[in-house]
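For reference, the structure is listed below as structure tokens.
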Amino acid sequence: MYKAKKLQVIQNSATRSILKLKYDTPSERLFNCTLKDLKLHRVDNRLFDLGENYIRRSLQKQVPLTCRLVNEFKLNFESRDITYPTPLWGYYLIIDQLHPLIQTPVLSNF
């Protein structure tokens, strides 16, 4: 997430410049102004939405690799065998919602 922080700093700097805010403007006020005036969300929220859309579309279009990863994730999630968070962890609600749409793929080595 280091790169997301760098992107957030760049977005904050651009927002201050566009809206002519002082450099010492509190972060919360800056985020509220960005959302209200520029209709722009925080970088981490936008990245999460991007990932969510990618997972949703991949599952709807039956992308084999994504389906395989989700099937393996669901198998481990249901058995509570997850020892560390995976990149799919944050998207478990979407996976749970769309998992019945997934056809069981033929497991082959990629």
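The values are calculated or read from the model by the stated rules, or taken from the named source; none is laboratory data. Small disclaimer: the values here were computed from a predicted structure and weren't measured. Here the Cβ is made from the backbone with ideal geometry for all residues, glycine too, and neighbour counts use every protein chain on show.
Here are the numbers:
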read-out	value
Pairs where the first residue, in segment 26-55, is within 20 Å of Tyr2 (Cβ to Cβ) and the second is assigned to a helix (DSSP H, G or I) and of a type in the set (Asp, Glu), C-beta under 8 Å, 6+ apart	His41/Asp49
Members of segment 22-60 that are at pLDDT below 85 and either exposed (fewer than 13 other Cβ atoms within 10 Å of the Cβ) or under 19 Å from Asn12 (Cβ atoms) (or both)	Gln60
Residue count for segment 1-25, restricted to those that are in contact (Cβ under 8 Å) with a residue 24 or more places away in the chain and hydrophobic (A, V, I, L, M, F, W, C)	3
